[in-house]
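Working notes, beginning with the structure itself.
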Amino acid sequence: MKTFKAFKYKLEPTDSQIALFYRMAGCGRVVFNDSLEFILNILKKETGISDKKALYKHLNALPPKERIALIKKLPNAFKLNKHLTQWKKEDNRAWLKEAYTDNLQQRQKDLSGSANEWCKGKRGFPVFRHQRKMAHHSTMRFVNFAKYCAIENRHIKLPNKLGLVKYRNSQHVLGKPKNATVSLNACGEWHISIMCEVEVIQPANVAGGMTGIDMGIAKNMTLSTDSCADKGVFYGVHSDRVYQAELAKEQRKLSKKVLGSANWKKQKLKVAKIHSKIANIRKDYQHKATTEISKNHAMIVCEALKVKNMSKSAKGNNDNHGKMVKQKAGLNKSILDEGWGELRRQLEYKMRWKGGDYAEVNPEYTSQICCCCGHKSKSNRTTQSSFICGDCGHTMNADKNAAINILNRHLESLKAPKAA
Ligand SMILES: [Zn+2]
């Protein structure tokens with residue numbers, strides 16, 4: 001079986017290459033924003049809502065059916081690409097002609113992809129990319145690696161006048177490079193991620209059993225089995241709490257500097273470096289945990305992550321995650337959500353690499369149902385950590401009970417005849 005694997009390296013570009021990166025990223029951002037504006041204008045007509053803020057509110061509250069109906073009215077990436085040709089002829093966009101077209105078309109594909117994810121309820125409707133948030137949006141993709149790029153003697157050859165860019169060869173590229181993405185992080189460092197097609201040998205038998213995973217706050221991941229970590233419990237890292245005081249101190253200093261001044265920029269970098277430290281610790285934990293779980297199991301089942309569900313649960317009217325409102329408010333919720341999404345993403349691809357199974361199930365009521373007798377009640381969960389069934393008296397750790405339900409739900413769906 002063929003699958004994709006990414007290899008990431010730190011780049012060491014020259015000043016003129018950096019300038020070119022910035023210019024390319026800027027062009028990409030303009031095209032992304034122009035395309036979004038174009039789409040929003042269509043949506044304004046379709047919905048009759050002309051105020052942008054109100055429109056976004058409306059779009060993000062729409063039920064799935066209406067999202068599908070709306071997205072059918074929007075141009076797809078291919079049609080957007082055609083408009084791009086037209087825009088390049090306009091006076092105020094003439095400079096786009098100098099830009100690397102593949103990269104611009106990629107930005108339109110990104111937008112189209114994000115809109116599709118919104119349609120599936122996975123995220124909110126795409127928003128404009130601000131220059132201010134340069135680090136988040138300075139990416140450019142080089143497609144058709146074999147034709148335009150190459151790895152040559154400690155350098156990566158890139159198209160569009162970039163030429164040979166020095167990189168830190170921290171690991172060897174495996175398989176066939178298909179495309180590459182250059183990105184800037186908040187610390188001002190450029191990286192390249194090379195996506196390669198690798199041949200994965202599908203084993204006849206995948207080692208390990210099945211497990212369901214419940215993701216939470218107090219305990220990051222609880223497995224239905226005791227097969228990993230501390231009896232199947234991964235507590236997670238709280239690197240944000242460790243650095244909280246230091247971060248607050250440096251942020252306070254930043255707020256006292258003159259916006260945009262040299263000192264402000266210096267301080268901003270300091271803050272970015274702490275953020276990066278926090279993120280790296282979390283990343284390290286996530287990779288270690290997902291590797292351990294995927295190594296030890298042939299099938300992994302998680303709850304499907306739904307944007308709608310998440311926002312509801314914060315208010316506390318969905319399932320009993322509502323009990324966590326206080327804890328949720330105290331933590332940076334977006335980091336939390338991102339963390340759960342990232343864990344699922346890693347589990348999914350790590351299982352694919354090894355030829356195992358990964359599945360997601362509907363998360364509804366998994367924490368209220370008794371895994372022993374199937375009795376469903378809110379009162380089953382007496383505290384955050386303990387589950388006592390009101391019907392059969394079964395007692396268990398609440399997260400463990402939920403993890404078993406998650407696994408069982410998937411197993412049941414395998415048994416059920418598929419709808420035609
Ligand atoms: Zn029961």
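The values are calculated or read from the model by the stated rules, or taken from the named source; none is laboratory data. Quick caveat, the model's predicted, so the values are computed rather than measured. Every residue, glycine among them, receives a Cβ derived from its backbone with ideal geometry; neighbour counts consider all protein chains shown.
The single condition from (1) surrounded by fewer than 18 Cβ atoms within 10 Å (Cβ to Cβ); (2) part of a strand (DSSP E or B); (3) in contact (Cβ under 8 Å) with a residue 12 or more places away in the chain; (4) more than 23 Å from the chain's Cα centre (by Cα) that VAL165 fails is (1).
Being at pLDDT below 90, away from the ligand (no atom under 14 Å from the Cβ) and within 22 Å of the chain's Cα centre (by Cα) holds for only one residue in GLY339, GLY322, and it is GLY339.
Against the list (1) out of contact with any strand residue (DSSP E or B) (no Cβ under 8 Å at 6 or more places or on another chain); (2) surrounded by 15 or more Cβ atoms within 10 Å (Cβ to Cβ); (3) within 30 Å of CYS187 (Cβ to Cβ); (4) not acidic (Asp, Glu), the condition LEU80 fails is (3). For the range 88-99, the tally of residues that are touching a Leu at 6+ places or on another chain (Cβ under 9 Å) and either polar (S, T, N, Q) or surrounded by 18 or more Cβ atoms within 10 Å (Cβ to Cβ) (or both) stands at 1.
Scanning the range 112-122 finds one or more residues that are closer than 30 Å to LYS273 by Cβ and buried (at least 17 other Cβ atoms within 10 Å of the Cβ).
Here GLN202 clears all of (1) over 20 Å from LYS295 (Cβ atoms); (2) loosely packed, with under 14 Cβ neighbours inside 10 Å; (3) at pLDDT below 85; (4) not hydrophobic (A, V, I, L, M, F, W, C) except the condition numbered (1). Every listed requirement among (1) hydroxyl-bearing (Ser, Thr, Tyr); (2) within 14 Å of the ligand (Cβ to nearest atom); (3) assigned to a helix (DSSP H, G or I) is met by TYR349 save one, (2). Counting the residues of the range 257-305 that are free of Cβ contacts under 8 Å to residues at least 12 places away in the same chain and touching a His at 6+ places or on another chain (Cβ under 7 Å) gives 0. Among the residues of the range 387-402, count how many are among the polar types (S, T, N, Q), within 31 Å of the chain's Cα centre (by Cα) and either more than 10 Å from the ligand (Cβ to nearest atom) or not in a helix (DSSP H, G or I) (or both). Final tally of qualifying residues: 1. Taking the residues in the range 73-93 that are in contact with a Lys or Arg (Cβ under 7 Å, 6 or more places away or on another chain) and part of a helix (DSSP H, G or I) as candidates, determine which candidate is farthest from LEU36 (Cα to Cα). Per the stated criteria, the residue is TRP87. Of ILE49, ILE68, ILE39, all but one fail to be more than 30 Å from GLN346 (Cβ to Cβ), out of contact with any Ser or Thr (no Cβ under 8 Å at 6 or more places or on another chain) and in contact (Cβ under 8 Å) with a residue 40 or more places away in the chain; the exception is ILE39. Only one of (1) aliphatic (A, V, I, L, M); (2) at pLDDT below 90; (3) more than 24 Å from the chain's Cα centre (by Cα) is not met by MET24, so which one is it? Result: MET24 passes all but (3).
A quick yes/no check of all residues on (1) touching a Ser or Thr at 6+ places or on another chain (Cβ under 7 Å); (2) over 20 Å from LYS5 (Cα atoms); (3) in contact (Cβ under 8 Å) with a residue 60 or more places away in the chain; (4) assigned to a helix (DSSP H, G or I):
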{"position": "ASN179", "(1), (2), (3), (4)": "no, no, no, no"}
{"position": "SER183", "(1), (2), (3), (4)": "yes, no, no, no"}
{"position": "CYS187", "(1), (2), (3), (4)": "yes, yes, yes, no"}
{"position": "GLY212", "(1), (2), (3), (4)": "yes, yes, yes, no"}
{"position": "ALA218", "(1), (2), (3), (4)": "no, yes, yes, no"}
{"position": "CYS228", "(1), (2), (3), (4)": "no, yes, yes, no"}
{"position": "VAL237", "(1), (2), (3), (4)": "no, yes, no, no"}
{"position": "ASP240", "(1), (2), (3), (4)": "no, yes, yes, yes"}
{"position": "SER255", "(1), (2), (3), (4)": "no, yes, no, yes"}
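For the range 367-384, a tally of residues being surrounded by 14 or more Cβ atoms within 10 Å (Cβ to Cβ) and more than 14 Å from the ligand (Cβ to nearest atom) returns 1.
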